[in-house]
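Q: I am attaching a structure below and will ask some questions about it afterwards.
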Amino acid sequence: MRLVVLGGSAPATVQLVDGLATWPGREHRRARLDLVLHGRSAGRLAAVQGAARLRASALGLTVSVTAQPDRAAALAGADIVLNQIRPGGLAERSADESFPHEFGLPGEETLGPGGFASAIRSVAALRPVWAEVARYCPDALLINLTNPAGIVTQAARREFGLDVIAVCDSPLDLLATTAGRLDSSGAELRLRYVGMNHVGWYVPESSAELDLLADLVPGIDPALPRLHGALPGHYLRYYAQPGRMLDVQRGRPTRADQLRELASSTIAAFSRGEIPRTWQRPAPWYSVAVVPLIHAWLSGSGAPLILGLPNNGRLAWLPDDVIVEGPATMPARGAAEPMPVTELPDLPRGILARHASYERLAATTLAAGPPSADDLIRILLANPMVVSLDQARGLAAAIATRMSR
């Protein structure tokens, strides 16, 4: 099995090897694994390759780890493609997380104006990548981790007709925490999760269960779940309390700046042949989302996964092509089957409907090519965090300036 990681020079990639160690049944349940890392920086790629080999050896995994700087050569014959490319790197993410401050809004790499700026960059940069995927391995399992995942995945499907599946650890973390509080099975709770990337809810079975969960999510006012009638994921605090999130961010390093410093020290350690005993930045998405999907895709599984797939009527009040996160199974090898999703109460439904309108407008516009000045304003007006035309115009001008550099 040839697993190709695009953006494989990211230090967190080594933790994919840890995720592979959690594979159900391990060695006797799968073919030999060839892990192919593709990245632009030869030095970083070599460091990550070396660290991944050391980690695989330490865990007793039979995994071949190679570095391939030529993208076409990496993709040729791929069975599985994991896209985690970060266009612009952490420097541009830092700008995404800080430029909205001038307009009285918090910065975030997936939501709000920062998320839209990230989407513009990502959809454009990934266009030649998806074109090569369509040429060299269109039938491979295509997994997207690049943010904002909903827009990136929807644009790739629209422009190239590729069956890209988005995954994220955020819903699974919410459900695991919820299961701990309820002393329940996480698999059962997946049937009651619904949303879109970073905008999702667990819908409790009763008001008593909701009361038990109200204070569960850090940073979420306990009143919010009761008002929503459902337990929101932690990213929804950006929509519910943007002013509070802005106050938290002002005068502090961005999350991207912190990650850039950590990445530098981690790559330096890898280059010395050192693997951390504990990861300063855990990457749970590999073990809880990526590897379970790969296993189900190869072997078939009736266990519910949380996957980002086209809506296709599951939520009748949303467009069919928006990417909805909800339960899905793989009853046969290579076939994802979305499951019915639970209905949302009215308030979350309204929030999700507006977010879906924004994502669809962004994805359809960006898939067609570079956005015009009016496109920028129009999409920003659809964004749930933007409150006025003047604000949208200012944000659009700031984004246009960054695009012209």
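The values are calculated or read from the model by the stated rules, or taken from the named source; none is laboratory data. Here the structure is a predicted model, which is why all the values come from computation and not from measurement. So basically every Cβ, Gly included, is an ideal-geometry build from the backbone, and we count neighbours across all protein chains shown. Heavy atoms of the whole protein, side chains included, go into the accessibility calculation; ligands, DNA and RNA do not. Shrake-Rupley method; radii C 1.70, N 1.55, O 1.52, S 1.80 Å.
Q: With a ≥ b ≥ c the root eigenvalues of the C-alpha gyration tensor of the stretch 242-306, is it rounded (a/c under 1.5), prolate (a/b larger than b/c) or oblate?
A: Since a/c reaches 1.5 but b/c is at least a/b, the shape of the stretch 242-306 is classed as oblate.
Q: A further question on this structure: With a 1.4 Å probe and all protein chains kept in place, how much accessible area does D211 have, in Å² rounded to the nearest 10?
A: Accessible area, nearest 10 Å²: 90 Å².
Q: Before anything else, pin down the relative contact order of the chain: Cα pairs under 8 Å, at least 6 apart, normalised by residue count, whole percent.
A: 18 percent.
Q: Points 7 angstrom from Cα along the Cβ direction at L262 and A214: gap in nanometres?
A: Roughly 3.3 nm, to one decimal.
Q: Still on this model: Find out how many positive minus negative residues lie around P11, taking Lys and Arg as positive, Asp and Glu as negative, among other residues whose Cβ is under 14 Å from that of P11.
A: +3
Q: Return the long-range amide H neighbours of G326 (sequence gap of 5 or more, or a different chain), with a cut-off of under 5 Å between placed amide H atoms.
A: It is L307, L309, by chain and number.
Q: Still on this model: Roughly how many Å² is the accessible area per residue of the chain, as a whole number, for a 1.4 Å probe?
A: The answer is 40 Å² per residue.
Q: Output wanted: per-residue J couplings in Hz (rounded whole) for the stretch 174-180, from phi through Karplus 6.51 cos²θ - 1.76 cosθ + 1.60, θ = phi - 60°, x for Gly and Pro.
A: 4, 5, 5, 5, 5, 4, x
Q: Give the distance, in whole Å, between the Cα centre of the stretch 216-237 and the Cα centre of the stretch 138-176.
A: What the calculation gives is 25 Å, centre to centre.
Q: Suppose accessible area is computed on protein heavy atoms with a 1.4 Å probe; arrange T110, T364 from highest to lowest.
A: Reading off the accessible areas and sorting them downward yields T364, T110.
Q: Among 236-246, 63-73, how do they line up from the highest to the lowest mean number of other beta-carbon atoms within 10 Å?
A: 236-246, 63-73
Q: Tell me, what HN-Hα J-couplings in whole Hz come from the Karplus equation 6.51 cos²θ - 1.76 cosθ + 1.60 at θ = phi - 60° for each residue of the stretch 78-86, using x for Gly and Pro?
A: The phi angles translate into 5, 8, 9, 10, 10, 9, 9, 5, 10 Hz.
Q: Something else now. Note down the relative contact order for the stretch 275-398 as a percent, whole number, built from C-alpha pairs under 8 angstrom at least six residues apart.
A: Relative contact order of the stretch 275-398: 17 percent.
Q: I would also like to ask the following. Does the stretch 140-181 classify as rounded, prolate or oblate by the C-alpha gyration tensor (a ≥ b ≥ c root eigenvalues; a/c under 1.5 gives rounded; else a/b over b/c gives prolate, otherwise oblate)?
A: Since a/c reaches 1.5 and a/b is larger than b/c, the shape of the stretch 140-181 is classed as prolate.
Q: Skipping prolines and chain starts, which residues have an amide H placed within reach, meaning under 5 Å, of the one on T110, given they are 5 or more residues away or on another chain?
A: Here the answer is G115, since their amide H atoms fall under 5 Å of that of T110.
Q: Rounded, prolate or oblate: which fits the chain when a ≥ b ≥ c are the square roots of the eigenvalues of the alpha-carbon gyration tensor, with rounded for a/c under 1.5 and prolate only if a/b beats b/c?
A: Note, shape of the chain comes out rounded.
Q: Ranked by accessible surface with a 1.4 Å probe, highest first, in what order do S185, S94 come?
A: Result, largest first: S185, S94.
Q: Okay, next question. Can you list the HN-Hα couplings for the stretch 152-161, worked out from phi with the Karplus curve (6.51, -1.76, 1.60; θ = phi - 60°), rounded to whole Hz and with x for Gly and Pro?
A: 4, 5, 5, 5, 5, 5, 5, 7, 10, x
Q: Collect residues whose amide H, placed 1.01 Å from N in the peptide plane, falls under 5 Å from the amide H of L33; neighbours closer than 5 in sequence don't count.
A: S64
Q: Considering only protein heavy atoms and a probe of 1.4 Å, how much of the accessible area of the chain is carbon and sulfur, as a whole percent?
A: Carbon and sulfur atoms account for 50 percent of the accessible area of the chain.
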